[in-house]
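The block underneath contains the structure these notes are about, expressed in C-alpha cells.
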Amino acid sequence: PTFAIVFRKSNSSMAHREDYIKQVAEVMPKGYKVNLKNPDWVLILEVMKSTCCAALLKRYYELGKFNIQTLYERSPKAGKAAGPDKLPEAQQEQSAADVEPLAEKTEKYAAQSSEGTQKAEKDEDKPEVDNSDKQESAVGK
C-alpha cells in the first residue's frame with residue numbers, strides 16, 4: 001500500500017510542515033511506501049492555531065480532493081472524462097459510477113437554489129401592505 005501526507009496550516013507560526021510530516025512518516029506501518037502522485041491513502045493534517053486535525057482518506061486525488069465542482073466537471077454530463085486519464089479503465093468506470101449520482105444531486109440542488117432565488121426576487125417586487133390598521137382594530141375589540 002502507498003500513502004501521501006497533505007499538510008495545511010492557518011494562523012499558526014509555530015507549526016512547521018517538515019516536523020509534522022517527519023513525525024507521522026516515522027510511525028507509519030512497515031510496508032507502506034510514499035506515493036505523492038496516486039497514493040492508496042492520503043493523510044491530511046490541518047493545523048489551525050494550536051489545534052491539529054487529521055483525516056485519513058482513500059481515493060482522495062481520484063475523487064478530485066472531494067471537491068464537488070471538480071467531481072461535476074469530470075462527470076459525463078459535463079462532457080468530460082469521468083476520472084483522471086491515467087487511471088486504468090476499470091477504475092475510470094468505477095469513478096464514473098461514483099460521480100454520476102453526485103452530479104445529479106448537484107444539478108438538483110442548483111435548480112432548487114435557483115428557483116428559491118427567483119421566488120425571493122419576485123416577492124421583493126411586490127409592494128408592502130400596511131396591516132397596522134387591522135392589527136389595532138383587532139386589539140381594540
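The values are calculated or read from the model by the stated rules, or taken from the named source; none is laboratory data. What you see is a predicted model; the values in this text were computed from it and never measured. Neighbour counts are summed over all protein chains in view; Cβ atoms, including those assigned to glycine, are modelled from backbone coordinates with ideal geometry. Remember, those area values only see protein heavy atoms, side chains included, never the ligands or the DNA or RNA. Shrake-Rupley method; radii C 1.70, N 1.55, O 1.52, S 1.80 Å.
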Worksheet item: Hey, any idea what % of segment 2-74's accessible area is carbon plus sulfur with a 1.4 Å probe?
Response: 55 percent
Discussion item. For the pair Met28/Cys53, report the inter-label distance in nm, with labels modelled 7 Å from Cα in the Cβ direction.
Written reply: 2.3 nm
Worksheet item: Averaged per residue, what accessible area in Å² does segment 2-74 show with a 1.4 Å probe, protein chains only?
Response: 70 Å²
Item to complete: Please sort by residue number the trypsin sites (Lys or Arg not before Pro) in segment 1-74 whose DSSP state is loop and whose Cβ has at most 13 other Cβ atoms within 10 Å.
Response: Lys30, Lys37, Lys49
Worksheet item: So which chymotrypsin sites (Phe, Trp or Tyr not before Pro) in segment 20-59 are both in a DSSP loop and have at most 15 other Cβ atoms within 10 Å of their Cβ?
Response: Tyr32
Discussion item. Suppose the Debye formula is applied to equal point scatterers at every Cα of segment 2-74; what is log10 I(q)/I(0) at q = 0.19, 0.21 Å⁻¹?
Written reply: -0.84, -0.95
